[in-house]
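To start, the structure itself, in structure tokens.
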Amino acid sequence: MKAQKLDGKATAATIKSELAVRVEALKAQGINPGLGTVLVGDDPGSHSYVRGKHRDCAEVGIASIQRELPDTATQEEVEAVVRELNEDPTCTGYIVQLPLPRGLDANRVLELMDPDKDADGLHPTNLGRLVLGQDAPLPCTPRGIVELLHRYDIPLNGADVCVIGRGVTVGRPIGLLLTRRTENATVTLCHTGTKDLTRHALEADIIVAAAGVAGLVSADIVKPGAVVLDVGITRTEQGLVGDVHPEVLEKAAWVAPMPGGVGPMTRAMLLTNVVEAAERQLASR
Ligand SMILES: NC(=O)C1=CN([C@@H]2O[C@H](COP(=O)(O)OP(=O)(O)OC[C@H]3O[C@@H](n4cnc5c(N)ncnc54)[C@H](OP(=O)(O)O)[C@@H]3O)[C@@H](O)[C@H]2O)C=CC1
Ligand SMILES: Nc1nc(=O)c2c([nH]1)NC[C@@H]1CN(c3ccc(C(=O)N[C@@H](CCC(=O)O)C(=O)O)cc3)C=[N+]21
Ligand SMILES: [Mg+2]
């Protein structure tokens, strides 16, 4: 048996064409959505992600606002850029690319953002709204994963999901989305303190691998016919490597590969958050 592909690249292309229509409608009513990115330092990975985000914006007709700071930037300098984007009427939503260089306090920066302009859904207010079930921008990677599963009609109602990794961008928030009544999954959140990862993974109908450990999910910890999403990314000399070992393709029913799975969906959800923020702006004026 060979797993079928959860094609995030193709699904993201569909979502982008849907968004382009909504952007046109907004523009016809005088609202021009714009995405800002704040990039601090010279991490090549971060630069490449941010470039990709601006390419996506161009595709759907969203304006790009780019702010770059050297890795010597002070906390005050980063915060000044955040204040500026909070006030900028052409900036509908923005992200601060994480991680920030050592010595900068990411939480203080996130806290300072206008929660209504938080395109990542990572502002404490928006994470709080998610916990309370209130309308808010949702964290992009978890939302992308849920959207990908929905578009392939993978059943979530009652599904046992094993999430590997409790990072703030992926593992920690995805349980909040999957356990909403509308999704109704049962989630086990694993991390380095988990006693028996194999047991939890083997029981799961769906595995979300978001640890950032190359090849962590081997075929022997996957139940035959499971759905496996490869979120983790490790940079090696041979290129980017996911958390899911290639042998899993012989065991699982569906795999979201890295690349071509969750990454493009993350970017499509960032655009979705910006379009939705613009639509909320229109509705409230
Ligand atoms: N494709 C995409 O769109 C995206 C991909 N990513 C990638 O996803 C990965 C996770 O990102 P992020 O959450 O920010 O990373 P973090 O480093 O914040 O979190 C990684 C988590 O994995 C856990 N972990 C590490 N090793 C193991 C192990 N052997 N067994 C079980 N758990 C383990 C850690 O546990 P502990 O807490 O105990 O240390 C930690 O909770 C990264 O590789 C990142 O590059 C991130 C965002 C988007
Ligand atoms: N504030 C903030 N928000 C983020 O959403 C955020 C962040 N910081 N910091 C870093 C992580 C990582 N991340 C990715 C997004 C897309 C791909 C992606 O599109 N990947 C392609 C491959 C890309 C390539 O080949 O370089 C794919 O999987 O097909 C990957 C990783 C968002 N992150
Ligand atoms: Mg992190």
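Restricting attention to helices (runs of 4 or more DSSP H) lying wholly within the range 18-118, give those where 2 or more residues are among the small types (Gly, Ala, Ser) and touching a residue at least 40 places away in the same chain (Cβ under 8 Å). I'd like the intermediate steps shown before the answer.
Working: elements: 44-60, 75-87, 106-112.
So the answer is 44-60.
Which of the residues that make up the range 161-191 are within 14 Å of ligand 3 (Cβ to nearest atom) and open to solvent by 50 Å² or more (accessible area, probe 1.4 Å)?
If the condition is that a residue be within 14 Å of ligand 3 (Cβ to nearest atom) and open to solvent by 50 Å² or more (accessible area, probe 1.4 Å), then 166, 168, 169, 172, 191 are the ones that fit.
Restricting attention to the range 236-271, which residues are under 24 Å from residue 25 (Cβ atoms) and open to solvent by less than 10 Å² (accessible area, probe 1.4 Å)?
265, 268, 269, 270, 271
Does residue 109 satisfy being β-branched (Val, Ile, Thr), within 19 Å of residue 33 (Cα to Cα) and open to solvent by less than 40 Å² (accessible area, probe 1.4 Å)? Before the answer, list the steps.
Details: β-branched (Val, Ile, Thr): yes; within 19 Å of residue 33 (Cα to Cα): no; open to solvent by less than 40 Å² (accessible area, probe 1.4 Å): yes.
Criteria not met by residue 109.
Name the pairs: first residue in the range 242-262 and farther than 17 Å from residue 152 by Cα and within 16 Å of ligand 3 (Cβ to nearest atom), second residue open to solvent by 10 Å² or more (accessible area, probe 1.4 Å) and small (Gly, Ala, Ser), Cβ to Cβ under 8 Å, at least 6 apart or on different chains?
243/210; 243/211; 243/212; 243/214; 243/215
Over 21 Å from residue 191 (Cα atoms) and modelled with pLDDT of 95 or more: is that true of residue 242 in this structure? Show your work before the answer.
On the way: over 21 Å from residue 191 (Cα atoms): no; modelled with pLDDT of 95 or more: yes.
When the stated conditions are applied, residue 242 does not pass them.
The values are calculated or read from the model by the stated rules, or taken from the named source; none is laboratory data. All figures in this text were calculated on a predicted structure; none of them were measured in a lab. Every residue, glycine as well, gets a Cβ built from its backbone with ideal geometry; the counts of neighbours run over all protein chains shown. These area figures cover heavy atoms from the full protein model, side chains too; ligands, DNA and RNA do not enter into them. Shrake-Rupley method; radii C 1.70, N 1.55, O 1.52, S 1.80 Å.
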